[in-house]
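To keep things clear, I will list the structure first and then write my remarks on it.
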Amino acid sequence: MIDSHCHLHDCPDPQATLERARRAGVSGLLVVGTHPESWQRQRSLEGVALAFGLHPWWVGPDWRSDLARLDLTGASAVGEIGLDRLKPHFELQLEAFQAQLELARDHQLPVALHVVKAHEAALPHLDRVRGVMHSYSGSREQLKAFLERGLYISFSPAVLRGGKKVEGAVKSVPLERLLVETDSPYQTAEPADLPRVVAEVARLRGQDPLQVAAATEENGRRLFGIF
Ligand SMILES: [Zn+2]
């Protein structure tokens, strides 16, 4: 299995956490960064793929000087980046988002997207990028627009809380665009929890968990070119 979005560097003991993930069958992890200090700590991890980006929660008036510190050497993706209507500085978020999409295009890297209550605002900027909508929370209708742009859709432990909207979305993603993640340590404790997400996504789709595990693993490899 591939955990397409986690923050291993924020887990209490990253090395032990990684070993538990491996024992749970998680063979690949994309470790996603959010701000300059996290990018530094990510660099000390071994055996995982890294993404670097300025998360919308960390975008403020100084976003340009923060972004100037972004080093994409060895990166498998740009992220996490995006728009979050529930947080301040939406106009600045949009500027930082556009700047980082441009970086991803220049470096020919996929993006890891965080979009909350801003799906309509994000859409027009997503041409000519490859990437994944992380912890998808939008409607089925919006989902169609993201799929049409070639994006992958990742489901997080939020699926374990249920709800009609997320269930509808889980069922509507073609298997070849599906990804799974833990978003640990935030939505669940650690990447070793991934099998629970896979099991619930499979149950909602009426598919075998092994099939979902294999397909999401292959999709992760294809999108990020790693693992
Ligand atoms: Zn995250």
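Structural remarks
- Any hit, segment 55-63, residues being buried (at least 23 other Cβ atoms within 10 Å of the Cβ), within 15 Å of the ligand (Cβ to nearest atom) and part of a helix (DSSP H, G or I): yes
- One residue stands out among those in segment 114-148 that are out of contact with any strand residue (DSSP E or B) (no Cβ under 9 Å at 6 or more places or on another chain) and not in a helix (DSSP H, G or I): the one that is surrounded by the most Cβ atoms within 10 Å (Cβ to Cβ), which is 139.
- Selection count, segment 13-41, where residues are within 29 Å of residue 100 (Cβ to Cβ) and in contact (Cβ under 8 Å) with a residue 24 or more places away in the chain: 18
- Residue in segment 175-192 that is among the small types (Gly, Ala, Ser) and over 22 Å from residue 7 (Cβ atoms) present: no
- Top-ranked residue in segment 120-143 [being in contact with a Ser or Thr (Cβ under 8 Å, 6 or more places away or on another chain) and away from the ligand (no atom under 16 Å from the Cβ); ranked as nearest to residue 84 (Cα to Cα)]: 143
- Within segment 1-41, being away from the ligand (no atom under 15 Å from the Cβ), in a helix (DSSP H, G or I) and in contact with a strand residue (DSSP E or B) (Cβ under 8 Å, 6 or more places away or on another chain) holds for 18, 21.
Read-outs throughout are calculated quantities, based only on the coordinates presented, and are distinct from any laboratory measurement. Given the structure is predicted, the values throughout are model-derived calculations rather than measurements. All Cβ positions, even for glycine, are placed from backbone atoms using ideal geometry, and neighbour counts span all protein chains on display.
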